[in-house]
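Enquirer: Please read through the structure below; I'll follow up with questions.
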2 protein chains.
Amino acid sequence: MKAVGIIVEYNPFHNGHLYHLQETKKQTGADCIIAAMSGNFLQRGEPALVSKWARTKMALSAGVDIVIELPYAFAVQSAERFASGAVALLHSLYCEEICFGSENGNIQTFIDAAKTLLERKEQHDSYVQKALKQGVSYPRASAEAWKQLDAVSLDLSKPNNVLGLAYVTAILQKQLPITPRTIHRIASGYHDEMFSHPSIASATSLRKALQGSVAQLETIAPYIPAATKQALKQYYDTYGMFHEWEAYFPLLKYRIMTAEEEELRQIAGVDEGIEHRLKQEIAAAPTFSAFMDAIKTKRYTWTRLQRMCTHILTNFTKEQQKKAETPTYIRLLGMSSNGRRYLQHVKKRLPLPLVTKISKLKHDPIYQQEEKAAFAYAAAFPEPVRTNALKEEYATPPVQQ
Amino acid sequence: MKAVGIIVEYNPFHNGHLYHLQETKKQTGADCIIAAMSGNFLQRGEPALVSKWARTKMALSAGVDIVIELPYAFAVQSAERFASGAVALLHSLYCEEICFGSENGNIQTFIDAAKTLLERKEQHDSYVQKALKQGVSYPRASAEAWKQLDAVSLDLSKPNNVLGLAYVTAILQKQLPITPRTIHRIASGYHDEMFSHPSIASATSLRKALQGSVAQLETIAPYIPAATKQALKQYYDTYGMFHEWEAYFPLLKYRIMTAEEEELRQIAGVDEGIEHRLKQEIAAAPTFSAFMDAIKTKRYTWTRLQRMCTHILTNFTKEQQKKAETPTYIRLLGMSSNGRRYLQHVKKRLPLPLVTKISKLKHDPIYQQEEKAAFAYAAAFPEPVRTNALKEEYATPPVQQ
């Protein structure tokens, strides 16, 4: 059986994802599609609109065969670390190919770029370090350095190109027996926050249209599969909310206000004295977006700050980040009957424990952070939903379809 | 001018407090009554029903001349530390006498008891240590040890006798030029949670009758001065709530669930491995009282656990507790014109800075904890009340009457 890996957030699953999935199957001839999916919090430092279970359902309904959790310690990270964790997990399940969507759409461009990056890493990094010292933000410094390498034409102002390059670089760097492949994103030129294609819209625009409530579900219906619509509705009916930063802001504010600067400095992503700024601006901020506006400068991108806020919210320390070098377990979130067959097929030779009962992970530092993230995620619910949602982190068996 | 000190919480100010105040004036012939009052959180580890400013108004209306804040680092503590902080502050303002209410009502009994305690402290403490090791709670161990000293007949099962003894002990131990005095609490035999006297009821019973809402204000009207009623109503109209533990439970739960055990161990009052128990029981607890029931054992009194929860909520560490040996400033919360005259009279020879602008306290460790407590206290408000309430901690000038 040939397994192909994809790396996803599905926040929420939409027609663009469906297109990517179907093209992946068609182009690779995969017998089994395995998705490494972020859990409660996402790469850009945001809570997922709905739980990982609800998003797993969407994925299985659309034809994914196996969904595994990309642990928090890799999921809420810059492209490089995100990619390295995801690629390692998919490799541990013997994926022969990894297929990602990109604005570029030509895999050779990515391979060339990754090779250049690996060969001339020192040169690239020294450019970046210099620019950072001058107060330039990381993405800008990296794009500038990239231009100076003057070797390949990959547009790194496009987010999916950045991620794609990170996947290919991770594969080449670790010399993994994985063939990378990319699919050109359709309708990828549209503005992220508006609808301009009849059936494809970005997850950002869909979340924006929902405005945190189920009332606008019909508005986004043309852009999502029926199963996503149903899963969203069911989630809202059960839990009474879609998750977004503002719901967590009271906790973040409470935490920043009662923490010592020294404590904030222990948190991953709190660097260069930004803890002073956090303490200085938090008291007067009535909302998360007001707070972000207040702490933002040219030096720090929105994403970097948002990720840092997520780490404060979930109490993810530098110490824990250091301990999380590479995935230590494969957590199964869901599978189809086809996925079950594949797992039967490989389970005896898996290099990492395949975990469905997470009580076994009690002493794993990577899972310990996952648990804290699950707690933070549930903290926005009122009772009795909160206590029930917390139980689900432990008691939910893999979704089967 | 003769100043007399009292040590209060006024949560809320009621007719029993008024009686104590009037008797204090009558019996001491004081020209000026100075109250050392707990701020946002109280000795038994609870948030104050209404803010320190609202409670200061009640005190001034009733005839107190000066209200100063007993800092969190002394206010939310066992009787011994509570008393030592309060007595030191009142001494710094040259109070010649301290007058407290007690169930016993005879000052000589307290003086004899304090002397015995000081003389035979080692014997007392060794009894206590032995009993603690056998798993007995501190108050019980202390009462037992006290009995074994067999010297004086002070009933230490009565809370105000315990506090009174701590005041007198602090005065004698530090050899302060302060005369202690006690007033017999009227109607002190009543059950704490019921009304059995026509105009006197305990603060506990009044809070219970209010049930966290303004709807029952008329029910408690016979037991409180008109000014208290007005201040309570005004507070509720402005802030939309009376404060009680359940309003803070979401924050406490979030904090305990996302903190490492190692972090919880840094908090004052988290001893003997109770952090395991906290982590174990918090997930399933839907309310504060359910949580308290879950963590309670014979060894830990309700008050001790509640105080520990308050320290977790306000992030009061053992380190900070160690730094807070004795008060370092006098924070003025309010004064009458008479109080202002007294302060004019003594201000040149005060041994501690008299602070009205708290920005001057930015680097004082005792005030730093006060600030965190103010933040935690405000965290229960919705916006925009929360942000405004936070400003008040810095911007409110002493209440004048």
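The values are calculated or read from the model by the stated rules, or taken from the named source; none is laboratory data. None of the values given here were measured: they were computed from a predicted structure. Ideal geometry is used to build each Cβ from the backbone, glycine not excepted, and the neighbour counts take in all protein chains shown. Note: accessible area is taken over every heavy atom of the protein model, side chains too, but ligands, DNA and RNA are not part of it. Shrake-Rupley method; radii C 1.70, N 1.55, O 1.52, S 1.80 Å.
Enquirer: Select from the range A:257-270 the residues that are in a helix (DSSP H, G or I) and more than 9 Å from chain B (Cβ to nearest Cβ) and list them in ascending order.
Expert: A:261, A:262, A:264, A:265
Enquirer: A further question on this structure: So which residues in the range B:99-141 are modelled with pLDDT under 85 and among the β-branched types (Val, Ile, Thr)?
Expert: Once the filter is applied, which keeps residues that are modelled with pLDDT under 85 and among the β-branched types (Val, Ile, Thr), the range B:99-141 yields only B:136.
Enquirer: I need the full set of residues from the range B:345-354 which are open to solvent by 10 Å² or more (accessible area, probe 1.4 Å) and either aliphatic (A, V, I, L, M) or within 14 Å of chain A (Cβ to nearest Cβ) (or both), in order please.
Expert: We begin by selecting, within the range B:345-354, every residue open to solvent by 10 Å² or more (accessible area, probe 1.4 Å); these are B:345, B:347-354.
B:350, B:352, B:354 - these are the residues of the range B:345-354 that are open to solvent by 10 Å² or more (accessible area, probe 1.4 Å) and either aliphatic (A, V, I, L, M) or within 14 Å of chain A (Cβ to nearest Cβ) (or both).
Enquirer: Among the residues of the range A:230-237, is there at least one that is surrounded by fewer than 20 Cβ atoms within 10 Å (Cβ to Cβ), part of a helix (DSSP H, G or I), of a type in the set (Asp, Glu) and assigned by TED's automatic domain parsing to the domain that holds residue A:93?
Expert: Yes, some residue in the range A:230-237 is surrounded by fewer than 20 Cβ atoms within 10 Å (Cβ to Cβ), part of a helix (DSSP H, G or I), of a type in the set (Asp, Glu) and assigned by TED's automatic domain parsing to the domain that holds residue A:93.
Enquirer: If you check every pair at least six apart or on different chains, which have Cβ atoms under 6 Å apart with a residue in the range B:367-392 that is within 8 Å of chain A (Cβ to nearest Cβ) first and a residue that is buried (at least 17 other Cβ atoms within 10 Å of the Cβ) and part of a loop (DSSP other than H, G, I, E, B) second?
Expert: Filtered contacts from the range B:367-392: B:372/B:315; B:390/A:283.
Enquirer: Tell me which residues, restricted to the range A:354-366, are within 17 Å of residue A:327 (Cβ to Cβ) and touching a residue at least 12 places away in the same chain (Cβ under 8 Å).
Expert: Answer for the range A:354-366, where residues must be within 17 Å of residue A:327 (Cβ to Cβ) and touching a residue at least 12 places away in the same chain (Cβ under 8 Å): A:354, A:355, A:356, A:358, A:361, A:364, A:365, A:366.
Enquirer: For residue B:326, state whether it is hydroxyl-bearing (Ser, Thr, Tyr), within 18 Å of the chain's Cα centre (by Cα) and part of a loop (DSSP other than H, G, I, E, B). Quick ask: steps written out before the conclusion?
Expert: Numbers: hydroxyl-bearing (Ser, Thr, Tyr): yes; within 18 Å of the chain's Cα centre (by Cα): yes; part of a loop (DSSP other than H, G, I, E, B): yes.
Yes; evaluated as a whole, the condition is true for this residue.
Enquirer: Yes or no: residue A:266 open to solvent by 10 Å² or more (accessible area, probe 1.4 Å) and not assigned by TED's automatic domain parsing to the domain that holds residue A:302?
Expert: No.
Conditions tested, residue by residue: (1) open to solvent by less than 10 Å² (accessible area, probe 1.4 Å); (2) modelled with pLDDT of 95 or more; (3) within 12 Å of another protein chain (Cβ to nearest Cβ).
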{"residue": "A:248", "(1), (2), (3)": "yes, yes, yes"}
{"residue": "A:252", "(1), (2), (3)": "yes, yes, yes"}
{"residue": "A:272", "(1), (2), (3)": "no, no, no"}
{"residue": "A:295", "(1), (2), (3)": "yes, yes, no"}
{"residue": "A:300", "(1), (2), (3)": "no, no, no"}
{"residue": "A:308", "(1), (2), (3)": "yes, yes, no"}
{"residue": "A:320", "(1), (2), (3)": "no, yes, yes"}
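Enquirer: Yes or no: residue A:333 open to solvent by less than 30 Å² (accessible area, probe 1.4 Å) and either away from chain B (no Cβ under 14 Å) or in a helix (DSSP H, G or I) (or both)? Working first, answer last.
Expert: On the way: open to solvent by less than 30 Å² (accessible area, probe 1.4 Å): yes; either away from chain B (no Cβ under 14 Å) or in a helix (DSSP H, G or I) (or both): yes.
Taking the combined requirement at face value, the residue satisfies it.
Enquirer: What is the number of the single condition among (1) open to solvent by less than 30 Å² (accessible area, probe 1.4 Å); (2) closer than 30 Å to residue B:139 by Cβ that residue B:277 does not meet?
Expert: Single failed check for residue B:277: (1).
Enquirer: State which residue pairs qualify: first residue over 19 Å from residue A:298 (Cβ atoms) and inside the range A:123-152, second residue open to solvent by less than 70 Å² (accessible area, probe 1.4 Å) and of a type in the set (Gly, Ala, Ser) in any location, beta carbons under 6 Å apart, and separation of 6 or more residues or different chains.
Expert: That search, which allows pairs on different chains as well, returns A:124/A:145; A:152/A:113.
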